[in-house]
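*Asks:* Quick one: the structure is below, questions incoming.
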Amino acid sequence: MDLEMLDENQKAEGSIESRRHREWEKFARIFSLIIASFHVTVFILIARTGYLSRIGFLLAAVYVTPGIASPLAGFAGKKRLESFLSWLNIGAPILLALVVATLTIWPVEGSDGGWKPYAFDADLTAFETKRAIPSQENAALRYESVFTAIDVNDFPDSFKELWKQPWKREDYPEVSLWIDSHSKTIDELLQIGKMETCRWPIHADIYEDWTVPYKPLSYCVELISVSANRNIGEARYDNALEMSFCMLQMAEHLYQQTNNLDFTFGFNYERAALSLINHILILDKVSEKGIEQIANRLPTAKNNLQEDIARLLSFDELRFARLMAPLYEINEQGKIRFAASLWFLPEDRTYRNSRLWRLYWLINMPLNPQGVWDMAKSESAKFSRFLELGPSFEFGKDEEDSFWLFLDFTTRTVSNGARLHARDICFDKIAYAHFGERYATQMTRRRETWLVLGLRKYRNAHGEWPESLDLISEYVPGEAFLDPTNNDAIVYALEGDGFRLYSKGPNGIDEGGRNGFIHDLKTSEDDITIWPLKEKGARK
């Protein structure tokens, strides 16, 4: 009897111990499944960035799959498979740690073998070849000869304030004498203003200086503008008109370059030229021949934002590829390998050199550097879809979005920080948003000038300004009536023997043509005025 009771007790204890063991196995599987699910989530977040290479994707899949499959196999009662997958799940990180340790400790070979940073020099040459023009047709070379003969710091008092308003020599004799002393430079610039094409070398690396000489170029534009305003003040409208056309062409020369900064300077030059033309059209009874000349030289009223952005993005793809190129090295025999240092210090290849970087690039970069172009095209395509929103973009994010933005930034940084950095440099949303806004504003000024041209035609034909813009529809392109900053009509109103003409600006609110900050209301008025001259915010 005692033996039977002992046996029963042992069975009961065994049953309890077995049940506890099963419960612990169940708990361990659930815990493993939770950890594996976290790893899968991280893998999905990283995979969705598109930054992993095929090798990186495969390695990540091999790493996370056993973690999910092992507990599931256990729940299905397949203990041998569970045991194998468990060892695989544990062994993969250990193997990875050993590889990392080996690569970290193992010394990196020096510069022997002729290894040097890779560069897409052939692609850069092809890009330059595509833009190439005969030297005699290149205005940039003529500009350079002018720049050698000027001093950008040489200008008299009052010079800066006269490039935006008409004036007379008796009011500013010192400036007038100074302008006359630069007559040869002005004549040369007028000749350059008749040239159609201009090519400065392209700026293809962040480490390079800008190739367009903005400072002397702006100095020359101001020189012409001040001289043209003197011609307007002294009623020499034909001379002023010639100088206005020159400034328009100087702006066009910048529009032929490859960076949105070139457009920004071009917009400033064009704005000054349009202001001169508006003065001439409104203050002088321009002949039909003069009106025809203006119509032939005015920039188009058609909005070519998307076409210009596409052209700029094609260059930014080259910049992206050039920035990513130092992730690779090439030797004299043409053999290519991953670099063993940080990508953004190509001039100092000894900084933090480690074979570990080669393992890192292996999981997120193509083996062949030509694959970088696929990355560039991918980033450009995503950016183009973003830019299709229009010339103005919103960057203020709701608080609930900030976590996801941080998470996206973090996963991209971990996945391939070099690519993220190159993307932010070459496909900068804020820079292109500002470019789009400036482009829209400049298009508004162009269209307003076309309207002024139509108003002058009407006044020449009828002896008075029209009562509404509808009456000049036969004289100007249809696009000129739509304000691209707000997709509304441009404001026109008769005022005595004159008129008011202005855009309601990006905010779409009619503020009477005022533009400026209102301190009392802590807000800004943003109307874009063509005539009369821009008024500052009346309320301070």
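The values are calculated or read from the model by the stated rules, or taken from the named source; none is laboratory data. This one's a predicted model, so the numbers in the text were calculated from it and none came from an experiment. Neighbour counts are summed over all protein chains in view; Cβ atoms, including those assigned to glycine, are modelled from backbone coordinates with ideal geometry.
Yes/no per residue for (1) out of contact with any helix residue (DSSP H, G or I) (no Cβ under 8 Å at 6 or more places or on another chain); (2) acidic (Asp, Glu); (3) at pLDDT 85 or above:
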residue: 438; (1), (2), (3): no, no, yes
residue: 444; (1), (2), (3): yes, no, yes
residue: 447; (1), (2), (3): no, no, yes
residue: 469; (1), (2), (3): no, no, yes
residue: 481; (1), (2), (3): no, no, yes
residue: 511; (1), (2), (3): yes, yes, no
residue: 526; (1), (2), (3): yes, yes, no
residue: 537; (1), (2), (3): yes, no, no
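*Asks:* When you scan the range 167-194, how many residues do you find that are buried (at least 19 other Cβ atoms within 10 Å of the Cβ) and assigned to a loop (DSSP other than H, G, I, E, B)?
*Replies:* 4
*Asks:* Which one of these is in contact with a Ser or Thr (Cβ under 6 Å, 6 or more places away or on another chain) and β-branched (Val, Ile, Thr): 226, 175?
*Replies:* Details: 226 fails: in contact with a Ser or Thr (Cβ under 6 Å, 6 or more places away or on another chain).
Matching residue, one of 226, 175: 175.
*Asks:* Kindly indicate which of 149, 140 is among the hydrophobic types (A, V, I, L, M, F, W, C), more than 30 Å from residue 531 (Cα to Cα) and part of a loop (DSSP other than H, G, I, E, B).
*Replies:* Answer to the selection: 149.
*Asks:* Among the residues of the range 278-335, count how many are crowded, with 21+ Cβ neighbours inside 10 Å, among the aromatic types (Phe, Trp, Tyr) and within 30 Å of residue 388 (Cβ to Cβ).
*Replies:* Total satisfying the criteria: 1.
*Asks:* Given 169, 236, which one is under 22 Å from residue 298 (Cβ atoms), at pLDDT below 95 and among the basic types (Lys, Arg)? Outline the logic, then answer.
*Replies:* Details: 169 fails: under 22 Å from residue 298 (Cβ atoms).
Going through 169, 236 in turn, the sole match is 236.
*Asks:* Report, by residue number, each residue of the range 368-399 that is at pLDDT 90 or above and not in a helix (DSSP H, G or I).
*Replies:* Correct list: 368 only.
*Asks:* Can you name the condition, by its number, that residue 496 falls short on among (1) under 27 Å from residue 270 (Cα atoms); (2) surrounded by fewer than 15 Cβ atoms within 10 Å (Cβ to Cβ)?
*Replies:* Here residue 496 clears every test but (1).
*Asks:* Sticking with this structure for a sec: Please find, among 460, 486, the residue that is outside the structural domain of residue 387 (by TED's automatic domain parsing), under 21 Å from residue 305 (Cα atoms) and of a type in the set (S, T, N, Q).
*Replies:* 486
*Asks:* Can you tell me which residue is nearest to residue 147 (Cα to Cα) among those in the range 228-255 that are surrounded by fewer than 24 Cβ atoms within 10 Å (Cβ to Cβ) and among the hydroxyl-bearing types (Ser, Thr, Tyr)?
*Replies:* 255
*Asks:* If residue 52 passes every condition in (1) surrounded by fewer than 17 Cβ atoms within 10 Å (Cβ to Cβ); (2) modelled with pLDDT of 75 or more but one, which one does it miss?
*Replies:* Answer for residue 52: the failing condition is (1).
*Asks:* Tell me which residues, restricted to the range 245-294, are assigned to a loop (DSSP other than H, G, I, E, B), of a type in the set (Ser, Thr, Tyr) and under 24 Å from the mean Cα position of the chain (by Cα).
*Replies:* Initially, the range 245-294 is screened for residues assigned to a loop (DSSP other than H, G, I, E, B), giving 256-259, 284-287.
Filter again for of a type in the set (Ser, Thr, Tyr), leaving 258, 287.
Answer for the range 245-294, where residues must be assigned to a loop (DSSP other than H, G, I, E, B), of a type in the set (Ser, Thr, Tyr) and under 24 Å from the mean Cα position of the chain (by Cα): just 258.
*Asks:* Checking the conditions here, which among 307, 242 is assigned to a helix (DSSP H, G or I) and without any contact (Cβ under 8 Å) to a residue 12 or more places away in the chain?
*Replies:* Details: 242 fails: without any contact (Cβ under 8 Å) to a residue 12 or more places away in the chain.
The conditions single out 307.
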